[in-house]
Amino acid sequence: MNITATHINYYHICHRKLWLFSNGINMEHTSDTVAEGKLIGETTYPQRPEKYTEIEIGGSKIDFYDAKNKIIHEIKKSDSIEQAHQWQVKYYIWLLQQNGIEGVTGIIEYPKLKQTTKVELSKDDSICLEEIKQNIERIVADEKCPPVINSKICKKCSYYDFCYVNEE
Ligand code: SF4
């Protein structure tokens, strides 16, 4: 299985979401939330072609990489700072490391919050990522879809209708 940053992100959000996405049930294109996130990315960095490179690596896409300063910029439209975002960027750093690019750090920008957070990859994080990858493979290979999590994040999730169709 080719694990991407999206799998790492979903693993931290909801194992059901991870399972659905990985098993080919994909509803992201219908989600206004995703479209809004893309729009925020485009309007926050209109000068992107000059400053940043887009990189495709290991099946993951890094939208904004500052090669000169070795900094990954990730923009999140979310109004909360989430662990999933941190791990997504840590995974990008790990992917670059695996391809011989050392010394990379990340910055996550939250335009709605007017905040940024710095991301680094420690040795412990790398060990943790190996465990996370094994856990992802186990969850995705399971024949049964994990249960709904009944969380407040569900209302913003593109799978909401799919997960709660029988509950209204
Ligand atoms: S709606 Fe909730 S339970 Fe369903 S996939 Fe999304 S986060 Fe998980």
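Each reported figure results from applying straightforward, stated rules to the coordinates on display, with no laboratory input. Just so you know, these numbers come straight off a predicted model, no measurement behind them. Virtual Cβ from ideal backbone geometry, glycine too; neighbours counted across all protein chains shown.
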Average Cα contact separation per residue, segment 5-164, under 8 Å, 6 or more apart, as relative contact order %: 28
Prolate/oblate/rounded label for the chain (Cα gyration tensor, a/c 1.5): oblate
Least to most buried among R138, R16 (fewest other Cβ within 10 Å first): R138, R16
Antiparallel bridge percentage (DSSP; both residues within the chain; nearest 5): 70
